Amino acid sequence: MDDKTLVSLLSHELRSTLWGAEGLIRLMQEDMPDQLGEEATNQLVKVREGIEEGRSLLTRLIDLYRLPERPVRKERTDIGEIAREEWNKLIAAGGDPKAVFDCGETPTVVTDSRWTRQILNELLGNALKAVNASSMPRISLRASARSGGLAIEIQDNGIGFPSDQADKLFEPCGRAHSRTRFPGTGLGLAMVREMVERLGGTVWAEGETHQGATFGFTIAK
């Protein structure tokens, strides 16, 4: 059995298991509310939340595994326009409406616009999640020429991370903070790295605890 077949089989089986478990819990909640009691009801809610997290993690894992199969389609891409569109989507989806986004001047480049959109959504979304409760969230995007292409950097004034963990962040499930403090599957930055490298670029991260962070990537010419 090749890897592709194995992944498809595991995906199907795991999804079926998760759907079955969620269905059973839903039936218990609907048919036995008086018998369950308050504590059991609350615990079942947490179990369903865990199942949903598991489903999201599985979906992201499959997406990460299949990224190399996706064709690259390069076209003229306006980085600034895409960044502002994704920022507005993130705010509409529940991001802090008081957060300030400073998008500097950016050029139009030739790259895969779909992947660029996904990369910017991931990095801007992470910056929004990293807000520091003691200060007004401020996030900036800057573009600069770099040997062989263009560098895009997204900087925030959020909670930051230990500087010695920068490389770990781009590994699958690599985390600098707990899931409670920084929710998500832990696969977003791994997908960013995979997409950027498929496009011929590189990724990096710089930060200090409670001093904000900068995430960057290059777009090859």
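When you scan the range 1-8, do you find a residue that is modelled with pLDDT of 80 or more, out of contact with any helix residue (DSSP H, G or I) (no Cβ under 9 Å at 6 or more places or on another chain) and more than 30 Å from D156 (Cβ to Cβ), even just one?
Restricting attention to the range 1-8, the residues satisfying the condition of being modelled with pLDDT of 80 or more are none.
No, there is no match, as no residue in the range 1-8 is modelled with pLDDT of 80 or more, out of contact with any helix residue (DSSP H, G or I) (no Cβ under 9 Å at 6 or more places or on another chain) and more than 30 Å from D156 (Cβ to Cβ).
Looking at E49, E39, E85, which is the one that is charged (D, E, K, R), outside the structural domain of Q118 (by TED's automatic domain parsing) and either surrounded by 10 or more Cβ atoms within 10 Å (Cβ to Cβ) or touching a Cys at 6+ places or on another chain (Cβ under 7 Å) (or both)?
E49
Table: residues versus (1) under 27 Å from R73 (Cα atoms); (2) outside the structural domain of W87 (by TED's automatic domain parsing); (3) of a type outside the set (S, T, Y).
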{"site": "T106", "(1), (2), (3)": "yes, no, no"}
{"site": "I119", "(1), (2), (3)": "yes, no, yes"}
{"site": "G125", "(1), (2), (3)": "yes, no, yes"}
{"site": "V131", "(1), (2), (3)": "no, no, yes"}
{"site": "S140", "(1), (2), (3)": "no, no, no"}
{"site": "S147", "(1), (2), (3)": "yes, no, no"}
{"site": "L150", "(1), (2), (3)": "yes, no, yes"}
{"site": "Q155", "(1), (2), (3)": "no, no, yes"}
{"site": "G158", "(1), (2), (3)": "no, no, yes"}
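The values are calculated or read from the model by the stated rules, or taken from the named source; none is laboratory data. Only a predicted model underlies this, so the values are computations on that prediction, with no experimental measurement involved. No Cβ is skipped: glycine too gets one built from the backbone with ideal geometry, and neighbour counts run over all protein chains shown.
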